[in-house]
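In what follows, a single structure is set out as structure tokens and then discussed.
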């Protein structure tokens, strides 16, 4: 009986050779992907070669929707000097116009979908431009129409302002009526006039989700002028999902077609180029945003930069690779790349029609027979099938501020899928062998370690 069992095991193992399975489907080219991933872009410069090199790092990363922050007063200074704000004459006027042309046109050439977040009255304490003391939105709206006409069909999303739900000392209260009537309707109408097909969202709300404020502007007619809402989501909100899911549910109840845009992440880089914490937070933040159905989500921020107010550094890239050298990337950059190049085309993926579950594999037993586990109970398991030939499994423990990890067995209850391989978080092109066995027809991927750093697996379907 023992010999027979061993023989059957050998035969079963021999039957599941790599040739038994279909190959993974080829990756969809970046320019053809349904992909929300983006990056906040402060780096519009009047240099075509450098702009191309810089944007290429985003294409390599899989961040298809760069989001540039643009300003009327930089486009046309009207003779006013802005050196006190840290800008040089070479950053303004004609040089700035060329820089935006490079940003938009080269992005499109590389298969990216450039986006804009336009400035508002906040910069100059209620004024849109220093040369216009009236504070009227109408001249600003005329500029927006011109800009939309200039880039018609090229800029995918326009976000109108930033954090207007906050109060400011120059008299702005953040009231939804003021936002709609003094700024948004005029600005959105102007963009729509210049590019009828552009997607328009609110300014990214502060302290997102700010659900009540967004519901208030929706009640005041937002869907007539916009395609969606925008928010600045810090990772403590993203890790729990609950507030974000509640926001989506409540908004779609009154506006079913609403899209969701914004900035997500804000993960500090604390230790230079090898920061596993930042990598894990970045990976989970971008995956969760994708999984929740975000339409355009720009990570904040790209290059290393200490912010003046908090002294925190959210950057993923140390340098773009000046003088012909390679760009200097962080672990978080590579983690983002793995998520972006693995999880895309959300609407084309299917959920498995068989059960996939986890069981804690680090159980311990005391002498009196009491058993317990070290693995946390809040592990998140997500599974998707691509083109009926690739099964993707994502396992993580979404606790960013108190990272926890454990070990689980993943149970794939079907005989039709096998050859499990792990995709390393810092190298999306690599496939690592993992220990696994079958319990009857269930495939068991053994002793999987996951925590702040997600564990990602790809499986292949058996040939008939």
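Brief remarks on what is shown
- Scaled radius of gyration (Cα, divided by 2.2 N^0.38 Å) that the chain gives: 1.10
- Annotation: extensible slack from residue 76 through residue 308 equals 80.8 nm (criterion: 0.36 nm per residue apart, minus Cα-Cα distance).
- D_trans [Stokes-Einstein, Kirkwood Rh over alpha-carbon pairs] for the range 251-310, 37 °C, 0.692 mPa s, µm² s⁻¹: 247 µm²/s
- Taking other C-beta atoms within 10 Å as the exposure proxy, 459, 69 rank 69, 459 from fewest upward.
- Computed from the C-beta positions of residue 389 and residue 84 and an R0 of 56 Å, the FRET efficiency is 0.45 to the nearest 0.05.
- Label point distance in nm, residue 207-residue 130, each placed 7 Å from Cα along Cα→Cβ: 3.2 nm
- Difference of contour (0.36 nm per residue) and Cα-Cα distance, residue 109 to residue 20: 28.0 nm
- Relative contact order %, the chain, counting alpha carbon pairs below 8 Å whose residues are six or more apart: 14 percent
- Scattering profile of the range 123-204 at q = 0.17 Å⁻¹ [log10 I(q)/I(0), Debye over alpha-carbon scatterers]: -0.69
- Each of 185, 45 was scored by other Cβ atoms within 10 Å of its Cβ. Arranged with the fewest first, they read 45, 185.
- P(r), alpha carbons of the range 34-91 - 5 Å bins starting at zero, rounded %: 4, 15, 22, 20, 15, 12, 7, 3, 0
- Contour excess over end-to-end distance, with Cα ends at residue 250 and residue 93 and 0.36 nm allotted per residue: 52.2 nm
- nm² value of the averaged projected area, convex hull over the Cα atoms of the range 30-142: 7.6 nm²
- Least to most buried among 384, 184, 457 (fewest other Cβ within 10 Å first): 384, 457, 184
Every read-out reported here was derived from the displayed coordinates using simple, explicitly stated rules and does not represent laboratory data. Everything numeric in this text was worked out from a predicted model, so none of it was measured. Note that we place each Cβ from the backbone using ideal geometry, even for glycine, and neighbour counts take in every protein chain shown.
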